[in-house]
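The values are calculated or read from the model by the stated rules, or taken from the named source; none is laboratory data. This structure is a prediction, so every number in the text was calculated from the model and none was measured. Please note: Cβ atoms are built from the backbone with ideal geometry, for glycine as well, and neighbour counts cover all protein chains shown.
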Amino acid sequence: MHFESPWAFLLLILIPLLPVLRRLTMKRSTIRFSSIGNAARSGHSLRQRLYSLPMIIRVLALICITIALARPQTGREQILDISKGVAIEMVVDRSGSMAAEMEYKGRQMNRLDVVKEVFKEFALGNGRDLPGRPNDLIGIIAFARYPDTICPMTLAHGALKPFLDSVKLVQTREEDGTAIGDALALAAARLKTADETLSKQRTGNKKNYQIKSRIIILLSDGENNTGKRDPVQAAELAEKWGIKVYAIAIGGGDAVTSIRTPFGVYKVPTGQRVDTSALKAVAEKTGGFFRMAEDAGSLQAIYEEIDKLEKSEIESIRFVDYKESFLPFGLAGLIFIGLEIFLSCTVFRKIP
């Protein structure tokens, strides 16, 4: 166990002073008796024997609260091989057209869910053709009418799955749209400041992590129809900052969407137009490539191609993943304080 604020233990010095302070502040009064012999022979009650119990409980409360203030942290030391990694921004379309269905491992799923599942395999590995990207800085941006940063760039890849699961299709017409240019510009800006993001995550680590290259993986099934920037303008920013764009058009063929009605589930043909010319122009301008993914298999093959092109150089570093553990001590301290107040106001109540 590690304590983030060990100076808090200095408060324990005050605990031995509690009995002294109690004696100094105690009000004394006397009643005259001719003899106290009979009272002395009567013995001590259980209440008298436990007279010091509230003080003991108070000391325990102070000890627990002091430990909580010291911020105990539990952690597991891990060794991660990192030296020169790739900064990757996944930019995924979540507009209404992504509700069209694709087959993934024998199941019918919408395009957005297929894109998320294949990206998980790319980032985390699938034990077969995709080994994962444990050495890379990865972030996620989703867009429809407006782009949103879903996951900031991170080396802690355990966070990627819950962030990806939170990406949903647009729910209202006001949200719908395809702002490819704005999403690309936001991703490029995030990659431009990736070094600052990395330095905040790795404060105190003496070994340097260098970003070997910066790439955007753009996935969309539509054409840019909203936003302040068009895709080519955003590509100019990416080119200026040395960022490659790998553009992937999702879909093709006869697309259908399942619609649930009171009379059952119906397959409705989905009309669509993918602006492949804009995606090709973006990829060519930034030194990446454009590919068409008509099904989950071809999408996985594209990720395998990107995985081979963007390699990381490796060395060993050591880090510790800490978890805050102060809450049980804080709760125990509050319980002890409540117990002491209860006992002092009932069983051990004194008059005056």
Q. Can you spot a residue in the stretch 228-251 that is at pLDDT below 80 and outside any loop (DSSP other than H, G, I, E, B)?
A. no
Q. Yes or no: ARG229 crowded, with 19+ Cβ neighbours inside 10 Å and touching a residue at least 40 places away in the same chain (Cβ under 8 Å)?
A. yes
Q: Considering only the stretch 125-216, give the helices (runs of 4 or more DSSP H) lying wholly within it that have at least 1 residues that are in contact with a Ser or Thr (Cβ under 9 Å, 6 or more places away or on another chain) and of a type in the set (A, V, I, L, M, F, W, C).
A: 160-165, 180-192
Q: Give the residues of the stretch 1-58 that are part of a helix (DSSP H, G or I), at pLDDT 80 or above and of a type in the set (Ser, Thr, Tyr), sorted by residue number.
A: none
Q. In the set ILE335, ILE306, which member is touching a Phe, Trp or Tyr at 6+ places or on another chain (Cβ under 8 Å), among the β-branched types (Val, Ile, Thr), at pLDDT 90 or above and in a helix (DSSP H, G or I)?
A. ILE306
Q) For PRO162, all conditions in the list (1) surrounded by fewer than 18 Cβ atoms within 10 Å (Cβ to Cβ); (2) closer than 19 Å to ILE302 by Cα hold save one; what is the number of the exception? A) (2)
Q. Of all residues in the stretch 164-187, which are under 23 Å from VAL245 (Cα atoms) and among the β-branched types (Val, Ile, Thr)?
A. VAL167, THR178, ILE180
Q: Residue by residue through the stretch 131-145, note down the ones that are touching a helix residue (DSSP H, G or I) at 6+ places or on another chain (Cβ under 7 Å) and not charged (D, E, K, R).
A: GLY132, PRO134, LEU137, ILE138, GLY139, ILE140, ILE141, PHE143
